[in-house]
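Inspection log for the structure reproduced underneath, given as structure tokens.
A short reminder: the numbers here are calculations on the coordinates, not readings from a lab. Predicted, not measured: the structure shown is a model, and the values here were computed from it. Cβ coordinates were reconstructed from backbone atoms using ideal geometry, including for glycine residues, and neighbour counts include every protein chain displayed.
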Protein chains: 2
Amino acid sequence: MHRTARAPASSANLGPGFDTLAVAVALYVEVELRSRPGGLRVSAEGQGSRLPRGASHLAAKVATDVLGHDRVELHVHSQIPLARGLGSSAALAVATAAAAGAGDPFGYGAGVDGHPENAAASALGGLVTAAMVADRPVARSLALDPEICFAVVVPDRELATSAARQVLPEMVPRADAVFNLGRLGLLVSGLADHHQLLATAGDDRLHQGHRSVLFPEAPALLAGLREAGALTSCWSGAGPSLLGICTVSTVATVAGAARAIMQGLGVAGDVLELGADLAGVQVTELD
Amino acid sequence: MHRTARAPASSANLGPGFDTLAVAVALYVEVELRSRPGGLRVSAEGQGSRLPRGASHLAAKVATDVLGHDRVELHVHSQIPLARGLGSSAALAVATAAAAGAGDPFGYGAGVDGHPENAAASALGGLVTAAMVADRPVARSLALDPEICFAVVVPDRELATSAARQVLPEMVPRADAVFNLGRLGLLVSGLADHHQLLATAGDDRLHQGHRSVLFPEAPALLAGLREAGALTSCWSGAGPSLLGICTVSTVATVAGAARAIMQGLGVAGDVLELGADLAGVQVTELD
């Protein structure tokens with residue numbers, strides 16, 4: 001058994017689609033897996049390579065779970081920064097499960113944090129919608145205009161999803177729920193045809209405002225992305241990454257403007273120009 | 001000036017898409033409008049023809065508003081039952097505004113009750129998503145699988161939207177808002193391709209449960225529609241009509257089963273088998 005599997009990073013929520021929508025982006029984690037009778041060995045390079053490499057490593061846990069034993073060697077090579085709202089854990093779980101021969105890599109990915117939308121994007125690619133249905137993760141694809149790409153603001157600070165979730169209230173005004181439903185409809189329509197995409201389609205009342213206490217510069221950056229030419233903008237997952245939804249012809253300008261705004265605000269970090277990934281997880285048999 | 005305009009009925013909400021989604025169905029109101037120097041005259045046949053025919057008639061109000069005067073004769077011929085959750089008012093307003101030459105019949109329709117989704121469906125046809133954005137109604141089209149059609153349960157009882165709205169709480173659990181967002185994503189995906197449509201995609205936690213106090217037989221009917229072969233089922237607008245979302249090949253069976261269930265429950269009324277309307281409002285110049 002010797003396989004590699006590659007899965008894309010993902011940006012979830014996309015403003016109104018809280019815990020629902022995600023899009024796969026062209027930033028990858030690759031997992032190489034081969035039998036090793038002597039027992040588990042994990043090596044890593046790239047993002048996350050400083051994590052402990054024992055049985056507690058997410059790739060080791062997923063591979064052991066899929067295979068039913070730990071006689072395996074894993075090499076993880078990741079481009080996806082950790083704890084930035086780009087779905088690094090879900091992508092790693094999906095890639096590892098696929099490399100280990102799981103029939104349902106999406107299910108393993110969804111099991112990592114109980115929110116299936118990142119895993120759905122990493123498994124299927126493109127724009128996806130996902131939900132838990134009777135305690136099982138379900139995902140479906142949605143149309144994505146091929147001209148759409150992303151300026152992704154990735155600050156040099158981590159924001160744990162658990163912290164980002166603790167700031168959210170348990171009860172919300174019905175009007176805010178309806179606000180998000182309406183924007184979600186407009187967003188899905190606009191992502192299928194960017195000519196129809198309104199800036200307000202990225203607006204949200206359920207999570208972004210509350211989470212701004214954890215990243216006070218976010219509102220100015222979101223507004224700046226739109227002013228620079230992004231069709232709309234939103235948080236990526238639980239943050240702190242932010243997404244400018246652009247077209248191929250505007251993404252460089254928007255990314256340049258975002259770098260200038262970050263500098264002006266004193267926010268260290270990088271801005272990535274990323275296309276959507278449409279393939280999802282890809283497995284290669286090596287021998 | 002002598003024109004007719006025809007607009008389709010619509011079914012709004014569609015379960016999770018509360019105040020957001022609507023689909024146009026092949027049941028119509030037609031408005032014939034011609035100049036009448038002697039002043040306003042309103043005549044009507046079909047559904048709603050017993051309403052007062054003076055200046056208070058919705059068609060008279062809309063035509064007067066568009067034209068800036070009331071020297072007009074209106075004849076309204078409607079197939080759309082009133083106060084059943086089939087968007088009769090929005091369809092009448094859209095048709096009248098179009099017959100009167102309004103540049104934006106959707107806007108006039110949305111102005112009738114402040115909820116733009118019915119008007120959007122009547123104006124654009126097909127599946128639409130709508131929202132109020134900075135106090136202006138905005139609508140966009142969504143993909144609709146041409147094989148989808150509807151078994152529409154239309155009880156012989158009226159249910160005013162205002163009453164149906166008063167039973168809704170102002171605050172809702174965030175988990176319920178997320179539930180609806182997730183189902184809305186699944187529903188939009190499934191309406192674009194009925195092979196992908198899950199029964200749970202029609203589920204809702206924001207309005208249908210609360211409104212069942214006004215129509216206690218609704219849950220049994222909704223479940224019966226699914227058991228009879230509907231892909232999913234939901235309330236139509238604020239009710240009391242209910243929608244079985246079917247394919248061309250199953251709608252007759254589902255409608256037959258629904259009639260039997262209504263009889264068993266003692267719910268008087270009819271079940272219509274309706275295709276989607278894809279054209280929206282259509283204007284014909286007569287001279």
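Values as computed for the structure displayed
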{"read-out": "Lys, Arg +1 and Asp, Glu -1 on Cβ, resulting dipole of region A:129-210 about Cα centre, debye, nearest 20", "value": "260"}
{"read-out": "Net charge over other residues, Cβ less than 10 angstrom from the Cβ of B:Val283 (K, R count +1; D, E count -1)", "value": "+1"}
{"read-out": "Gap separating the Cα centres of region B:64-82 and region B:9-32, nearest whole Å", "value": "20"}
{"read-out": "Residues B:Arg140, A:Arg183, sorted so that the one with the fewest Cβ neighbours within 10 Å comes first", "value": "B:Arg140, A:Arg183"}
{"read-out": "Kyte-Doolittle mean at least 0.0 and Cα axial length at least 15 Å: DSSP H helices in chain B", "value": "B:88-99, B:174-192, B:251-265"}
{"read-out": "Ascending list, in nanometres, of distances separating the A:Gly256 label from those of the other copies (7 Å, Cα toward Cβ)", "value": "6.8"}
{"read-out": "Modelled FRET efficiency - R0 56 Å, B:Arg71 with A:Asp65, Cβ distances, 0.05 increments", "value": "0.10"}
{"read-out": "Zone of A:Ala160's modelled label, taken as backbone nitrogen in region A:87-113 under 20 Å from a point 7 Å along Cα→Cβ", "value": "A:87-93, A:111-113"}
{"read-out": "Computed magnitude of the charge dipole of the protein assembly as shown (debye, nearest 20; Cβ of K, R +1, Cβ of D, E -1)", "value": "620"}
{"read-out": "Per the axis that maps chain A onto chain B, nearest residue of A (Cβ criterion) and its distance in Å", "value": "A:Ala177, 2"}
{"read-out": "Inter-probe distance in nm under a simple model that places probes 7 Å from Cα toward Cβ, at B:Val248 and B:His2", "value": "3.8"}
{"read-out": "Rel. contact order, % - alpha carbon contacts under 8 angstrom, at least six apart, chain A", "value": "25"}
{"read-out": "Estimated 222 nm signal from helices in chain A, with DSSP H stretches of n ≥ 4 weighted -39500 (n - 2.57), rounded to 500", "value": "-10000 deg cm²/dmol"}
{"read-out": "Total charge dipole magnitude, region A:202-287, about the Cα centre, Cβ charges on Lys, Arg, Asp, Glu only, Debye to nearest 20", "value": "440"}
{"read-out": "Pseudo-label separations to other copies for A:Leu67 - Cα-to-Cβ vector, 7 Å, nm", "value": "8.1"}
{"read-out": "Most mobile listed residue (B:Ala26, B:Ala123, B:Ala95) in chain B, GNM with C-alpha springs under 10 Å", "value": "B:Ala26"}
{"read-out": "Local electrostatic count at A:Ala260 - Lys and Arg +1, Asp and Glu -1, tallied over other residues with Cβ under 14 Å", "value": "-2"}
{"read-out": "Ranking of A:Val23, B:Val172 by count of other Cβ atoms within 10 Å, fewest first", "value": "B:Val172, A:Val23"}
{"read-out": "Among B:Leu124, A:Leu74, B:Ala134 the positive-end extreme of the charge dipole of the protein assembly as shown (Cβ point charges)", "value": "B:Ala134"}
{"read-out": "Listed residue (B:His115, B:Ser249, A:Ala24) projecting farthest to the positive dipole end of the protein assembly as shown, Cβ model", "value": "B:His115"}
{"read-out": "Net charge contributed by nearby residues that have their C-beta within less than 13 Å of A:Ala95 (K/R +1, D/E -1)", "value": "-1"}
{"read-out": "Highest-MSF residue in chain A out of A:Asp70, A:Asp135, A:Asp156 [GNM, Cα springs under 10 Å]", "value": "A:Asp135"}
{"read-out": "Of B:Gly266, B:Gly125, B:Gly85, the one that fluctuates the most in a GNM where chain B has Cα springs shorter than 10 Å", "value": "B:Gly266"}
{"read-out": "Nearest-first distances (nm) between copies at B:Ser35, label 7 Å from Cα via Cβ", "value": "9.1"}
{"read-out": "For region A:16-81, convex hull of alpha carbons as volume per residue, Å³", "value": "112"}
{"read-out": "Rg(Cα) / (2.2 N^0.38 Å) computed for the protein assembly as shown, rounded to two decimals", "value": "1.07"}
